[in-house]
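**Student:** Submitted below is the structure of interest, expressed as structure tokens.
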Amino acid sequence: MEQFKRGVKAGIPIGLGYLSVSFTFGIMAVSYGLYWWQAVLISMLTVTSAGQLAGIGTMIHPGQYFQMLVSQITINIRYSFMSISLSQKTDAKFRGIWRWIFGFMMTDEIFAVASAEDVICRSFFAGLCVLPYLGWAGGTMVGALLGSILPDRLMSALSIAIYGMFIAIVLPEMKKSRPVICAVLCAVLMRCAFYYIPFLENISDGIAITVCAVVSAAAAAALFPVEEA
Amino acid sequence: MNGISFWIYLLILAGSTYLIRAVPFAAVRKKIQNRFIQSFLYYIPYTVLAAMTIPAIFYATDHPLSAFFGLAVAAVLALCKQSLTVVAASACAAVFLVELFL
């Protein structure tokens, strides 16, 4: 129970961040011609930002099932790396059916918080999922039903919450380890190249992030292997 | 959006996303011994988060300048080992305050 509560608390910034992101998704989905309940159903069953956004972009065209599958795999393949990474940190009871259940909630942000743990137990992970899930589904519903009711200023401020959380995870580790600094700088430089160089900017965010992260982590692993994980 | 098409799309969207996440999570049960893979898995969270944060953070808020202040506040607090919630909330507050003056 202690662990569950600690998880819920760690999920607060994720839930808040999701609220603003999924709110925008809800508005967009309705503007694409989906019903509000369809938008909510998509959010409740998928729980991923980039994938859902690309998904509704495909849905407005009839019969592009194969394109849907391919784009989802490329956008979401990073989750596989995250799942493998966390599979190394779970405690003895966190296996079998529990992996199949909680694997559903392997989002970037939940992964980020969970990976800051030394050992991940089921109750912590379960607690961690509660507010993000509610935020994601609830935000979608509010956005789809009510459109733009929140003042712009508030939305703008909330939209940095997720990044603030990322910074809180990455910087302390950079302070401790020089190789992490190198890996992070490499990833950032590559990502900026994908963002700003013509040609490369056409590549989807999901693929670009995966490429930058995998190449940087592989380079760091080759140059600075860790002693004992 | 009407009809069976929505449900097929939903099945592909939700199904593929779920399998991509859950299959590796459930399938990898042993401790990985290979040192390169161990190291790779140690670095991957940080490189993923870094690639997701910069430069996207500068376009998340209404103005890159407010995002810059949010980033600076978050960075200082993160280096002082503040909790995720404190860092995230302070970054939001910084953005809100800066945008009052923009």
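Values quoted throughout were computed directly from the atomic coordinates according to the rules given, and no laboratory measurement underlies them. Computed from a prediction, not measured in an experiment: that's the story for all the values here.
**Student:** What ³J(HN,Hα) values, in whole Hz, does the Karplus curve 6.51 cos²θ - 1.76 cosθ + 1.60 give for segment A:5-17 when θ = phi - 60°, with x put for Gly and Pro?
**Tutor:** 4, 4, x, 4, 5, 5, x, 4, x, 5, x, 4, x
**Student:** Once you keep just the Cα pairs under 8 angstrom separated by 6 or more residues, what percentage relative contact order results for segment B:31-100?
**Tutor:** 27 percent
**Student:** Hey, in the GNM for chain A with a 10 angstrom Cα cutoff, which one of A:GLY96, A:GLY55, A:GLY139 fluctuates hardest?
**Tutor:** A:GLY96
**Student:** Calculated from DSSP H runs of 4 or more alone, at -39500 (n - 2.57) each and per residue, what is the 222 nm mean residue ellipticity of the protein assembly as shown, nearest 500?
**Tutor:** After summing the helix terms and dividing by residue count, I get -25000 deg cm²/dmol.
**Student:** Please find, in a Gaussian network model of chain B (springs between Cα atoms separated by less than 10 Å), the residue of B:TYR59, B:TYR42, B:TYR18 whose mean-square fluctuation is greatest.
**Tutor:** B:TYR18
**Student:** To continue, here is another question. What list of ³J(HN,Hα) couplings, whole Hz, do you get for segment B:70-86 from phi and the Karplus terms 6.51, -1.76, 1.60, once you set θ to phi - 60° and write x for glycine and proline?
**Tutor:** For segment B:70-86, the Karplus-derived couplings read x, 4, 4, 4, 4, 5, 4, 5, 5, 5, 8, 6, 6, 5, 4, 4, 4 Hz, x marking Gly and Pro.
**Student:** Amide H of A:THR90: which non-local residues (sequence gap of 5 or more, or other chain) have their own amide H closer than 5 Å, using H built in the peptide plane?
**Tutor:** Excluding prolines and chain starts, which carry no amide H, the hits are A:ILE120.
**Student:** Something else about it: For segment A:163-229 and segment B:5-27, write down the distance between their C-alpha centroids in whole Å.
**Tutor:** 27 Å
**Student:** Of the residues B:THR61, B:THR53, B:THR17, which exhibits the maximal mean-square fluctuation in a Gaussian network model of chain B defined by a 10 Å Cα contact cut-off?
**Tutor:** Highest fluctuation among the options: B:THR17.
**Student:** From the phi angles alone, apply the Karplus equation (6.51, -1.76, 1.60; θ = phi - 60°) to segment A:40-50 and give each ³J(HN,Hα) in whole Hz, x where the residue is Gly or Pro.
**Tutor:** With the stated coefficients, segment A:40-50 comes to 5, 4, 4, 5, 5, 9, 10, 6, 8, 6, 4 Hz.
**Student:** Compute and list, largest first, the equivalent-ellipsoid semi-axes of segment A:2-169 from the alpha carbon gyration tensor, each √(5λ) rounded to a whole angstrom.
**Tutor:** Details: eigenvalues 151, 82, 34 Å².
That gives 27, 20, 13 Å for the three semi-axes.
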